[in-house]
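The values are calculated or read from the model by the stated rules, or taken from the named source; none is laboratory data. Note that the structure is a prediction, hence the values are computed from the model and not measured. Here the Cβ positions follow ideal geometry from the backbone for every residue, glycine too, while neighbour counts run over all protein chains shown. Protein only, heavy atoms only, side chains kept; ligands, DNA and RNA dropped before computing areas. Shrake-Rupley method; radii C 1.70, N 1.55, O 1.52, S 1.80 Å.
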Amino acid sequence: MWCDGSDAENQRLIDQMLADGTLSKLDARVAPGSYLHRSHPSDVARTEHLTFICSRERDDAGPTNNWMSPKDGKAKVAPLFESAMKGRTMYVVPYVMGPLGSPFSKVGVEVTDSRYVVANMRIMTRMGKPALDQLGGGDEFVPGLHSIGDLSPDRRYILHFPEERLIWSVGSGYGGNALLGKKCFALRIASTLARKQGWMAEHMLILELTLPSGEVHYICAAFPSACGKTNLAMLVSPLEKQGYKVRTVGDDIAWLRPGPDGRLWAVNPEAGFFGVVPGTGPDTNPNAMATIGHDTIFTNVAVTPGGVPWWEGKDKNPPADLLDWQGKPWDRTGKAAHPNSRFTVAASQCPSISPRWEDAQGVPISAIIFGGRRARVAPLVFQAFDWNHGVFVAATMGSETTAAATGKVGVVRRDPMAMLPFCGYNMADYFGHWLRMGTAIAKPPAIFHVNWFRQDASGQFLWPGFGQNLRVLLWMIERIQGKGGAIETPVGFVPTPDALNLDGLELSKSAIETLLGVDRDEWVDEVPEIRAFFDRFGGHLPAEMTQSLDALAQRLSVTASA
Ligand code: TSX
Ligand code: MN
């Protein structure tokens, strides 16, 4: 069936999914136009160990990607597609990543046997007739072949063929594995296109910040998972009355390119949000709560028998008769919603969506933020000395693990540019691409590193976070304007205590000192860890990266070999 993306077609698919149990309708009074999908219990998250880059040379995938040769990948996975769709309908889903009519948008075509995938692609991309219109008589599109197969993790593979711009995915119906426009195309395949064509496909939110003067700045930010990217993208300004406004352009992916004015310009290739539900509440993200208040597909949340959805963090009062994400009566001990349960919702429903979110030219970027979750070491914010130093900061960024399930808690995982699972080629070559881009942008954005998660000795968060992060954004803008006060430290420029507007926050002097502090001994310990991380990349690592590390070691006045 060729999907046209129309409302009538969508309604037909939904009716079929209601009939076969793929979806259930939620209470129209509290969640109008919204549905619940329960995935197979073994198919609740992306499966990185089953995700492969199939380049001819193993070296082109690099040490951080799983690799198969294109020949081996196809030989292994083609049999899993054999008769896989028998008895099901095959949907042909043309879609556009990027605003319709934008010269920076790209067409994909996903063939799938999952109606749930079609319904989600309709929200997450510009799907159907507009995509065929944009393709016109051309043949430039990224084909993606998807089947849920038998959903067995033993017969699940997500393969990327960057040299022929092709995606194969079998055995999973879950978001990032099955909605091929998102991580597979807009990040993995797009990153390889971008490298060839001189642009960047990044795992970044895009936000708009308006000042009382009317001046508007756009900021991109890349964080590893569990750092609150969607929350930052939809931040509610605590200083809105004073004229400081925040609007959302995107929450997950940015396609960036040098503009004719020498600045870096960004478009959000997506049309919707596929966000983590737990932790989303009226205090943490009121804009997301309003966005998902209607016309939303929920996957793996808890629900009452009457169809009222619930998840950890929605409010303090779980309904008495709740069914957990698997549909079993909730025993009130485990999680009611799956920790990776999701909402799929149109970006146009977001109250904070920017009027320029579909601008065909994109938006000019003033600053790029990187960050991670660190209880110690990383200060609340610092500015990189220049582009190349910023690339080093981004390449070495790390986050402490939170969930016991993933191993030791508090272990630092390096996740360069938050792209570790999403870079379609050798990550060391990717660092090289970032360095090269610096020479192609006459007026590069300033680069910052943030850490909202610094704790005191007793394990209390020192920074209030959420809306108050605006104050950090405002310091960044002042730096860009050449105004904000800063002191030079070995790791970068840190605000002087009076350069941050902390009015009304009631932070103690010692809290501020710790938040903005750069402890030499703690950073000295980082150096060998970064060196060990870099060693993984061997000869592909650009010399600038080791030079930046040596320079950091120098500034910390330790020997380069320490
Ligand atoms: O998203 C978060 N952000 C970014 C918001 C724009 N979270 C949630 C992380 C999980 C996805 C945060 N958690 C942030 C943050 O800035 N900061 C923290 C840590 C924190 C948690 C609770 C409080 C304060 C800080 N609560 C009180 O102070 C009452
Ligand atoms: Mn993401």
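Summed over the stretch 298-333, the residues that are in contact (Cβ under 8 Å) with a residue 60 or more places away in the chain and touching a Lys or Arg at 6+ places or on another chain (Cβ under 8 Å) give a count of 7. Pro238 passes every criterion in (1) within 30 Å of Glu82 (Cβ to Cβ); (2) in a loop (DSSP other than H, G, I, E, B) apart from (1).
Rundown of residues vs (1) more than 16 Å from ligand 2 (Cβ to nearest atom); (2) crowded, with 19+ Cβ neighbours inside 10 Å, yes/no style:
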position: Glu240; (1), (2): yes, no
position: Gly262; (1), (2): yes, no
position: Ala271; (1), (2): no, yes
position: Thr284; (1), (2): yes, no
position: Asn287; (1), (2): yes, yes
position: Ile292; (1), (2): yes, yes
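Selection of the stretch 200-219 for residues being among the small types (Gly, Ala, Ser) and open to solvent by 10 Å² or more (accessible area, probe 1.4 Å) yields Ser213, Gly214. Residue check: is Leu207 touching a Lys or Arg at 6+ places or on another chain (Cβ under 9 Å) and either within 16 Å of ligand 2 (Cβ to nearest atom) or within 30 Å of Thr51 (Cβ to Cβ) (or both)? Spelling it out, Leu207 is indeed touching a Lys or Arg at 6+ places or on another chain (Cβ under 9 Å) and either within 16 Å of ligand 2 (Cβ to nearest atom) or within 30 Å of Thr51 (Cβ to Cβ) (or both). Residues in the stretch 476-483: is at least one over 20 Å from Ile369 (Cβ atoms), assigned to a helix (DSSP H, G or I) and within 16 Å of ligand 1 (Cβ to nearest atom)? Looking through the stretch 476-483, none of the residues is over 20 Å from Ile369 (Cβ atoms), assigned to a helix (DSSP H, G or I) and within 16 Å of ligand 1 (Cβ to nearest atom). Taking the listed residues Pro153, Pro143, Pro130, the one that is open to solvent by 20 Å² or more (accessible area, probe 1.4 Å) and more than 23 Å from Lys106 (Cα to Cα) is Pro153, with no other qualifying. Once the stretch 157-199 is narrowed to residues that are of a type in the set (Phe, Trp, Tyr) and open to solvent by less than 10 Å² (accessible area, probe 1.4 Å), the residue that is nearest to ligand 1 (Cβ to nearest atom) is Phe185.
Of all residues in the stretch 219-233, those satisfying the criterion of being within 8 Å of ligand 1 (Cβ to nearest atom) and in a loop (DSSP other than H, G, I, E, B) are Ala226, Cys227, Gly228. Taking the residues in the stretch 456-475 that are near ligand 1 (Cβ under 9 Å from one of its atoms) and assigned to a loop (DSSP other than H, G, I, E, B) as candidates, determine which candidate is most open to solvent (accessible area, probe 1.4 Å). The selected residue is Gln460. Among the residues of the stretch 115-144, just one is farther than 24 Å from Pro99 by Cβ and within 23 Å of the chain's Cα centre (by Cα), namely Tyr116. Scanning the stretch 1-47 for residues that are open to solvent by 50 Å² or more (accessible area, probe 1.4 Å) and of a type in the set (Asp, Glu), we see that the one that is nearest to Leu420 (Cα to Cα) is Asp4. Can you name every residue in the stretch 241-275 that is part of a loop (DSSP other than H, G, I, E, B), away from ligand 1 (no atom under 15 Å from the Cβ) and at negative phi? Answer for the stretch 241-275, where residues must be part of a loop (DSSP other than H, G, I, E, B), away from ligand 1 (no atom under 15 Å from the Cβ) and at negative phi: Ile253, Gly259, Pro260, Asp261, Arg263, Asn268, Pro269, Glu270, Ala271.
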